[in-house]
Amino acid sequence: IFFFFLVNIGVSYYAISAETGDIVGATVSVNFGKNFVDIGFKQDDFKKRADGFHTKVDGVDSYCVFTQIGDNYIGRVISNDVLYQRIPDIIAGLAMGLISIALILVFAVTGYMNRFVIEGIYNVNKKLRAITKGNLDERVDVKTSLEFSELSTHINEMVQSLLSNTDKISYVLNKTNMNIGVYEYNENMKHVRYTECVPSILRLDRSKEQELFADYKLFREYIDAIRNNPVPGEEGLYCLAEDKEVFVRFEEITQDKAVFGIVIDVTEEIIKRRQAEAERDMDLLTGLYNRRGFENRVLPLIDKKETIGHAMLIMIDADGLKEIN
């Protein structure tokens, strides 16, 4: 039967009698009928090395695996040349496999880093740039990892803390009982931040307030319209376009694309001052200027005679006026 086995070169099969050691079957015909000692086997090889052993078979270094079936040892013998001839190919294949795995891991890790780390850092930096330019409407919402999610929360809390400063300023100004309002806007942020006194100082109803402060461009146009109504003889004093009897002062600081402004309602102050000036310069019975009022108005004209050109002064003496008084 063994003669009909189709085997590779360097590979052979044997059946050896466990009792006598005679070779009772072999794919190598010249070894048939020999004793296993004659071709290089030892008795201990079969008894103690069931998992395989190395020895010389017919003078060739070989690896052998035998198992006992019935009264015979049945086994396979492979020369070391055949056994190890594929090792270089296997090593090369293993190396290529390891390199491929390494490349896949590199691409996978790089893709993961780009998607969840690099892109997260880029998004955070982009949001922070917008915030540092004054856009406090911006919110950071990067949740690609637990760390970025926590960082986003802290940044948003910081922005909210900055926004709450407006409420703090309103609280302080309200405690002073002064009609002072503060506003701020930035070209990178659409809406206007303002303290609660600003709408009342500018005499804005609720709808007008929402419209103007929702868009800094509309608010800027409204302020410019007020500035087109300066009070003659008063520096930095304006009256509202809608109400000529409401007087306000503006102070603004512009830095880069940000504007910080203060608006003060001075209506009561101006009215009281004008009333005091009238009582000081006018005769209460006649409604005419008294001597001080006369001088306050004539002397400035004399000082600017080059702008007057020609002038005429008419004096009227009323006899008996003291008696009438």
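What follows is calculated from the coordinates using simple rules that are stated; it is not laboratory data. Quick caveat, the model's predicted, so the values are computed rather than measured. Note that each Cβ is placed from the backbone with ideal geometry, even for glycine, and that neighbours are counted across all protein chains shown.
Show me 307-315, 56-64 ranked by packing, highest mean number of other Cβ atoms within 10 Å first.
Details: 307-315: 6.0, 56-64: 16.0.
Descending packing order for the listed peptides: 56-64, 307-315.
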Checked against a 25 Å limit on the C-alpha separation, the offending pairs among 127/208; 272/304; 34/56 are 127/208; 272/304
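Mean projection of the alpha-carbon convex hull of the stretch 232-325 over all orientations, in nm²?
Numbers: hull surface 41.6 nm².
One quarter of the hull surface, i.e. the mean projection, equals 10.4 nm².
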Dividing the alpha-carbon radius of gyration of the stretch 193-254 by 2.2 N^0.38 Å, where N counts its residues, gives 1.11
Residue separation between residue 269 and residue 210 times 0.36 nm, minus their alpha-carbon distance, gives in nm 18.4 nm
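For a protection proxy built on the mean count of beta-carbon atoms within 10 angstrom, sort 272-283, 95-106 highest first, please. Intermediate results must be reported in sequence, preceding the final value.
On the way: 272-283: 11.7, 95-106: 10.0.
The peptides rank, most packed first, as 272-283, 95-106.
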Taking a straight Cα-to-Cα line shorter than 20 Å from residue 257, and setting aside same-chain aspartates and glutamates fewer than 8 residues away, one finds 137, 138, 184, 187, 215, 221, 224
Taking 0.36 nm per residue of separation between residue 34 and residue 100 and subtracting their Cα-Cα distance, the length gained on full extension comes to 18.6 nm
If R0 = 51 Å, then residue 304 and residue 141, at their Cβ-Cβ distance, give a FRET efficiency to the nearest 0.05 of 0.20
